[in-house]
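So the structure is just underneath, and the comments pick up after that.
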Amino acid sequence: ASEEEWKLMTMRYYANISWIDDMMGRTLAELKKKGILDNAIIIYTSDHGEMLGEHYYRFNKYNLYDASARVPMIVSGSALPKQFERGSVVNDPTENIDVLPTLLDIANIEQVIKLPGENLLKPITRKANFCALHELRGEAAFMWRTKDFKLILVLKRKEKAKDYLPSDIIIGELYNLKEDPNEWYDLFGTEQNFSIQEHYTQELIKHLNSL
């Protein structure tokens, strides 16, 4: 893309963010008028990012880099438990599947069927963030991410998650997020990171097999 195209793309993206912010403000104002905010939980999140030029992608979500897979998660509202510290930042590996169990727990509604997520207002027990991407026929891509490293594996697609094995790996990527937060330097297959790669691979396959 030319410099002018990048400029227009960025401008449109920021304009879209401003529009969303305005709509959120108008929604909250109407809820306040109705008195609903006096006893409410508000969760602000998203399903995916749009890249905005990261890794040379324009408005593309079909990958497992952070600019696409990592999304905002803000929990607020007057109905938050008193012990929950306002304005706090939590670095636990949370996911969008945590939204429903959180709201059910706060509302004292028992789960008829055990849901896969966790209550965001309690200590998170999961070890890492998991994400799946199914875009190519016969292949499935999965992410296993901690605050230190991210592993991305492309596997031969299986009908059931419990059937995935390390032998199904087609290709992979490994990033040191502390030293390379923008995920430019792929460490997959390097000798000095072999033990980390093996450990994350085992954890990812184990998680898939538990689904």
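The values are calculated or read from the model by the stated rules, or taken from the named source; none is laboratory data. Keep in mind that what you see is a predicted model, and the values were worked out from it rather than measured. All Cβ positions, even for glycine, are placed from backbone atoms using ideal geometry, and neighbour counts span all protein chains on display. Ligands, DNA and RNA are stripped out before the accessible areas are found, and what is left, the full protein with its side chains, is counted by its heavy atoms. Shrake-Rupley method; radii C 1.70, N 1.55, O 1.52, S 1.80 Å.
The condition of being closer than 24 Å to Ser210 by Cβ and under 22 Å from the mean Cα position of the chain (by Cα) holds for only one of Ile169, Ile152, that being Ile152. Looking for something assigned to a loop (DSSP other than H, G, I, E, B) and more than 30 Å from Ile43 (Cβ to Cβ) - is there at least one such residue anywhere in region 169-182? Within region 169-182, one or more residues are assigned to a loop (DSSP other than H, G, I, E, B) and more than 30 Å from Ile43 (Cβ to Cβ).
Given the residues Lys33, Lys61, Lys82, which is the only one that is under 27 Å from Leu136 (Cα atoms) and open to solvent by 40 Å² or more (accessible area, probe 1.4 Å)? That would be Lys61, the only listed residue that is under 27 Å from Leu136 (Cα atoms) and open to solvent by 40 Å² or more (accessible area, probe 1.4 Å). Considering (1) closer than 25 Å to Asp47 by Cβ; (2) modelled with pLDDT of 95 or more; (3) in contact with a strand residue (DSSP E or B) (Cβ under 9 Å, 6 or more places away or on another chain); (4) of a type in the set (A, V, I, L, M, F, W, C), the lone condition that Leu100 does not fulfil carries the number (3). Restricting attention to region 147-166 and to residues that are in a loop (DSSP other than H, G, I, E, B) and not acidic (Asp, Glu), the residue that is nearest to Ala128 (Cα to Cα) turns out to be Lys147. When region 1-29 is examined, which residues are found to be farther than 25 Å from Leu120 by Cβ and among the charged types (D, E, K, R)? Correct list: Glu3, Glu4, Glu5, Lys7, Arg12, Asp22, Arg26.
Per-residue answers, yes or no, for (1) touching a Lys or Arg at 6+ places or on another chain (Cβ under 7 Å); (2) charged (D, E, K, R); (3) touching a residue at least 12 places away in the same chain (Cβ under 8 Å); (4) loosely packed, with under 15 Cβ neighbours inside 10 Å:
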| residue | (1), (2), (3), (4) |
| --- | --- |
| Leu136 | no, no, no, yes |
| Val154 | no, no, yes, no |
| Lys158 | no, yes, yes, yes |
| Glu173 | no, yes, yes, no |
| Asn182 | no, no, yes, yes |
| Ile196 | no, no, yes, no |
| Thr201 | no, no, yes, no |
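For Asp38, the conditions (1) open to solvent by 80 Å² or more (accessible area, probe 1.4 Å); (2) free of Cβ contacts under 8 Å to residues at least 40 places away in the same chain; (3) charged (D, E, K, R) all hold with the exception of (2).
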